[in-house]
1. Here's a check for you: in the stretch 190-201, which residue that is touching a residue at least 60 places away in the same chain (Cβ under 8 Å) and out of contact with any Gly (no Cβ under 8 Å at 6 or more places or on another chain) is nearest to the ligand (Cβ to nearest atom)?
2. Tell me which residues, restricted to the stretch 84-116, are among the hydroxyl-bearing types (S, T, Y) and free of Cβ contacts under 8 Å to residues at least 60 places away in the same chain.
3. Taking the stretch 133-165 only, how many residues are of a type in the set (G, A, S) and either in contact with a Gly (Cβ under 8 Å, 6 or more places away or on another chain) or near the ligand (Cβ under 7 Å from one of its atoms) (or both)?
4. Checking the condition within 18 Å of V40 (Cβ to Cβ), away from the ligand (no atom under 16 Å from the Cβ) and surrounded by fewer than 20 Cβ atoms within 10 Å (Cβ to Cβ), which residue from D224, D183 passes?
5. Restricting to the stretch 227-243, name every residue that is farther than 23 Å from L153 by Cβ and surrounded by fewer than 20 Cβ atoms within 10 Å (Cβ to Cβ).
6. Restricting attention to the stretch 189-242, and to residues there that are among the basic types (K, R) and in contact with a Lys or Arg (Cβ under 9 Å, 6 or more places away or on another chain), which single residue is farthest from L25 (Cα to Cα)?
7. Quick check on the stretch 111-124. Is at least one of its residues within 14 Å of the ligand (Cβ to nearest atom) and aliphatic (A, V, I, L, M)?
8. Quick one: count up the residues across the stretch 72-100 that are within 15 Å of the ligand (Cβ to nearest atom), of a type in the set (A, V, I, L, M) and within 21 Å of L190 (Cβ to Cβ).
Amino acid sequence: MDPDVRAGHRADRRPRREPMIAPSLASGDLARLADEARAVAGGSDRGADWLHVDVMDGHFVPNITFGVPVVRSLARHTPLPLDCHLMIEDPDRWAVDYAEAGAHNVSVHVEAVRDPVALAGRLRDAGARAGLALAPQIPLEPHIGTLSHFDTLLVMSVPPGFNGQRFIPEMLDKVRAARRLVDAGELDVLIEVDGGVNLDTIGAAAAAGADCFVAGTAVYGTDDPARAVRLLREKARAAYGRP
Ligand SMILES: O=C(CO)[C@@H](O)[C@H](O)COP(=O)(O)O
């Protein structure tokens, strides 16, 4: 693979002291996706780090959202790296199409993928980071070996399928366990937490060791999404022990 692309992936594995915020576009106005992306991009200020794109197929989860053509168009309308979270059956068939459409990170659910190691390699060959997602009922421990082939661990803190759900604090045990492995040098993944992240919950997720925070309702459910991104980052920074 292109060494510059790999270098870019490594650059995302920043020292864990600067929180990343990834607004979840599915909570925005779905008739104005480019505008909603622009609303969090930041302009001259620092905006969101990634734009989270929840892909749901009506089979793996009981909801339907975005397909490959939407991601391809979005990639032309925003400078933000697209973080595609595939909640679909047969990610082995579809994931690389999202990478080729311009996704920066493509996460697949471990129980849905047939050959995770091969798929991670194919995603990287297509120029994307590879992410492994764990729904609330899926434990971390059996998948640690598989994760060593991935760039991102997405810990879901709500059942997949819908925005606006309540954060499940018990999921932070998985974040803490992953953080310990990363800090011990036994795993090299960016830890993302997704679902119910808001100003009341982000501090606990940051203290548990998450690097990247997906927030839908807490960003797009406000009058000022850019401000919401700033406030979320400040809360996470404070929990990291930074001003
Ligand atoms: O993947 C999912 C839900 O399936 C999440 O990305 C949520 O869509 C985030 O929305 P909030 O829980 O922050 O409203």
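Each reported figure results from applying straightforward, stated rules to the coordinates on display, with no laboratory input. It should be emphasised that the depicted structure is a prediction, and the values quoted were computed from it without experimental measurement. Here Cβ is always computed from backbone atoms with ideal geometry, including for glycine, and neighbour counts include all displayed protein chains.
1. Going residue by residue through the stretch 190-201, those that are touching a residue at least 60 places away in the same chain (Cβ under 8 Å) are 190, 192, 194.
Now narrow it down to the ones that are out of contact with any Gly (no Cβ under 8 Å at 6 or more places or on another chain): 190, 194.
On the way: L190: 16, D194: 5 Å.
By that ranking, first place goes to D194.
2. Start the filter on the stretch 84-116 by keeping residues that are among the hydroxyl-bearing types (S, T, Y), which leaves 98, 107.
Once the filter is applied, which keeps residues that are among the hydroxyl-bearing types (S, T, Y) and free of Cβ contacts under 8 Å to residues at least 60 places away in the same chain, the stretch 84-116 yields only Y98.
3. Filtering the stretch 133-165 down to residues of a type in the set (G, A, S) leaves 133, 135, 145, 148, 157, 161, 164.
Applying the additional criterion that residues be either in contact with a Gly (Cβ under 8 Å, 6 or more places away or on another chain) or near the ligand (Cβ under 7 Å from one of its atoms) (or both) yields 157, 161, 164.
So the answer is 3.
4. On the way: D183 fails: within 18 Å of V40 (Cβ to Cβ).
None of the others qualify; the one that does is D224.
5. Initial filter on the stretch 227-243 (farther than 23 Å from L153 by Cβ): 227-228, 230-231, 234, 238, 243.
Residues satisfying the conditions are R227, R230, L231, E234, A238, P243.
6. Of all residues in the stretch 189-242, those among the basic types (K, R) come to 227, 230, 233, 235, 237, 242.
This time we only want the ones that are in contact with a Lys or Arg (Cβ under 9 Å, 6 or more places away or on another chain), so: 230, 233, 237, 242.
Values: R230: 17, R233: 18, R237: 23, R242: 28 Å.
It comes out as R242.
7. Checked the stretch 111-124: at least one residue is within 14 Å of the ligand (Cβ to nearest atom) and aliphatic (A, V, I, L, M).
8. So the answer is 3.
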